[in-house]
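Trainee: Below are the structure tokens for one structure; questions will follow.
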Amino acid sequence: MCRGRPGHSVAFMTNTTHTRTIRTIAGVAVATLLCVLTMSASSAQAAGKTDTVKVFSKQISFTYTAADGTVTQGPPAGPPAAGDAFEIDSLDYRGTHKKHSKRPIGADYLHCIFNAAGEPDCTGYVALGSSLLRFRGMELIGAIGRWKSGELVINTEVAGGSDIVVKLRRR
């Protein structure tokens, strides 16, 4: 963009390792939250039945809080430090980012805190109809409602969110 003149390129702003790392962590964490989400199926479906579902999770807000209490609405200027945290709120639509339902079928919330090793410790919630699912890391730790378990098949980061394919198992 600036013909390679040192200090005049925008590459560091658009292609930083820490921004990619946070986006990757956020994408995987949101996908994990959605492992047990989507599809508002009728209550006539048999218990234990497995459905494969496509969901577009559209990020609504991203809040980054540094360990010193500084709050921003985007990734930090440098790599995350121990005690830094981020929160993501998303609405979930049946379909993909290219073609999805007009109205959301659910919502999810993700909260991650970085430890001393720079790894995030994440907790999340997914609400779908009368169901609520709670996650700690990659593990479902609680569920109320129709879904018993889920398995992530595909998670693709797209502009404004993630396209996710999950397999869901009813109670």
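The values are calculated or read from the model by the stated rules, or taken from the named source; none is laboratory data. As the structure is a prediction and not an experimental result, all values here were calculated from the model. We place every Cβ from the backbone using ideal geometry, glycine too, and count neighbours over all the protein chains shown.
Trainee: Taking the conditions exactly as written (in contact with a strand residue (DSSP E or B) (Cβ under 7 Å, 6 or more places away or on another chain), of a type in the set (Val, Ile, Thr) and surrounded by 14 or more Cβ atoms within 10 Å (Cβ to Cβ)), does ILE164 satisfy them or not?
Mentor: Yes.
Trainee: Has segment 143-151 got at least one residue that is among the charged types (D, E, K, R), modelled with pLDDT of 85 or more and not in a strand (DSSP E or B)?
Mentor: The answer is no, given that none of the residues of segment 143-151 is among the charged types (D, E, K, R), modelled with pLDDT of 85 or more and not in a strand (DSSP E or B).
Trainee: Just to be sure, is ARG94 in contact with a Ser or Thr (Cβ under 6 Å, 6 or more places away or on another chain) and among the basic types (Lys, Arg)?
Mentor: The answer is yes for ARG94.
Trainee: Hey, can you tell me all the residues within segment 85-129 that are in contact with a Cys (Cβ under 9 Å, 6 or more places away or on another chain) and without any contact (Cβ under 8 Å) to a residue 60 or more places away in the chain?
Mentor: Residues satisfying the conditions are ALA85, GLU87, HIS111, ILE113, ASP121, THR123.
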